[in-house]
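Structure first, then comments.
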Amino acid sequence: MAQIHRSIIDAHNDGLLRHVRNDYEHLGEQLARRNVDIETVRAQVAAFGVAIPSWGVGTGGTRFARFPGPGEPRNVFDKLQDCGVIQQLARATPTVSLHIPWDKCSDWTELKQAAANQGLAFDAINSNTFSDQKGQAHSYKFGSLTHTDAATRAQAVAHNIECIEIGRQIGSKALTVWVGDGSNFPGQQHFRRAFDRYLDSTRQIYAALPADWRMFLEHKICEPAFYSTVIQDWGSSFLAASALGAKAQCLVDLGHHAPNVNIELIVARLAAAGKLAGFHFNDSKYGDDDLDAGSVAPYRLFLVFNELVAAAHERVAGFAPAYMLDQSHNVTDPIESLMTSAAQVQRTYAQALLVDRAALDAALLQRVRLDAGGAIDPVGAYRASGYRRQAAEERPAVVGGGGGIV
Ligand SMILES: [Mn+2]
């Protein structure tokens, strides 16, 4: 099956071209009045990309049921084909993130070539130790990297190292580790020892990372474990990433927090610490709903992007986040959801770029001073006050000599 023929895209565009050009010109004029150069914003947005998760092109489901749609991808090559169409039409998703063993194939060179033929490359590779695979010796029912049984932990470590090896062959530069490890009842797990075992296991994986790779630690407050998880929040993630070393960073999935958590604040903290690995974009109303990005709480997405753009603008050291969509498309055509979600992420990025940061800084400080009873323009008010002249009249002139410290 080929990609969508160029003539179909051209015919579609022909009918809309005139309006798009007029609207763009008008927007350019509007932005110019605010001293924003539309071409600069356009170039920044054009350079922005968000990875597609390979599992996102198949129909998702809940623990109750899954209702597959027509033309479901049968294997990783079909998935790449769908990702190729998404990139061909929406031009915001130049990379794909694989999940092992779901995407295992017999010839990684062939897969890399197939991706290149679709105009795609590979982003971070994801390991899976939250479900058992056919024929594996030890079950992950009660944990993987933090299991109390050393052989089970060793198996989970070996799987992650295998993922790194696969990633090397397809051009990935990062390993994303999320474990479902945790407990369902109080007393089931020794919190401190489980975390120690996590560190012990991830140290072995970290040691296998190539020099130019990063390791993304993804936290999640609950599910599948519903009482406690080993890496439940950014605090535990940060502790682990700090213990492992510079190549380990914390990955923020927008749906992996308690309700009402201020995610943009977490973004700011991790960015400041040089530990922000990147994002899994999705949206939610209640929990880890994995709905289409920006469909429920677009303002929250904007506030996250506002922090990201601010960190890039201020050239925060070590700031190089990786972006990926991580959603479950249960009732829509996944290709449509992924295209609109990528566009929503892109749109939100553009909105954050339009914030006049210099004016914001100035306005913010002015307001803080005003609220505290100070002057809006302290230097102007000071000069107008004649304070220095009055002081000079009242205080005798100092005659030279001595140090400056009084
Ligand atoms: Mn995720």
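Values quoted throughout were computed directly from the atomic coordinates according to the rules given, and no laboratory measurement underlies them. Note that the coordinates shown come from a computational prediction; the quantities given were computed from them, not determined experimentally. Every residue, glycine among them, receives a Cβ derived from its backbone with ideal geometry; neighbour counts consider all protein chains shown.
May I ask for log10 I(q)/I(0) of the chain at q = 0.07, 0.14 Å⁻¹, from a Debye sum over the Cα atoms as equal point scatterers with solvent left out? One equal scatterer on each Cα of the chain leads to -0.42, -1.32. Its alpha carbons give segment 1-72 an Rg and a Dmax of 19.5, 53 Å.
Summary of packing: across the peptides 73-79, 271-277, the per-residue average of other C-beta atoms within 10 Å ranks them, highest first, as 271-277, 73-79.
Sort the following peptides by mean Cβ neighbour count (other Cβ atoms within 10 Å, averaged over residues), highest first: 319-332, 59-72, 171-184. Mind dumping the intermediate values first?
Details: 319-332: 20.4, 59-72: 11.2, 171-184: 22.1.
Result, highest mean Cβ count within 10 Å first: 171-184, 319-332, 59-72.
Per the helix-only calculation at 222 nm, which mean residue ellipticity applies to the chain, given -39500 (n - 2.57) for every DSSP H run of n ≥ 4 and division by its residues, nearest 500 deg cm²/dmol? Please report the intermediate quantities before stating the final value.
Details: 14 runs with 186 residues, N = 406.
Result for the chain, helices only: -14500 deg cm²/dmol.
Strictly over 25 Å apart at the Cα level, which of K79/K247; K104/K141; K79/K275; K79/K141 would you flag in this model? Beyond 25 Å between Cα atoms: K79/K247; K79/K275; K79/K141.
Each Lys or Arg adds one and each Asp or Glu subtracts one; over the other residues with Cβ under 14 Å from the Cβ of V267, this totals -2.
The distance separating the Cα centre of segment 106-121 from that of segment 320-386 comes to 38 Å. Local charge for A46 was computed over the other residues whose Cβ lies under 12 Å away, with Lys and Arg +1 and Asp and Glu -1, and equals +1. Between amide H atoms placed 1.01 Å from N, distances below 5 Å from R214 occur with A174, L175, all of them 5 or more places distant or on a separate chain. For the chain, DSSP calls about 15 percent of its internal beta bridges antiparallel. Charge tally for D283 (other residues, Cβ to Cβ under 15 Å; Lys, Arg +1; Asp, Glu -1): -4.
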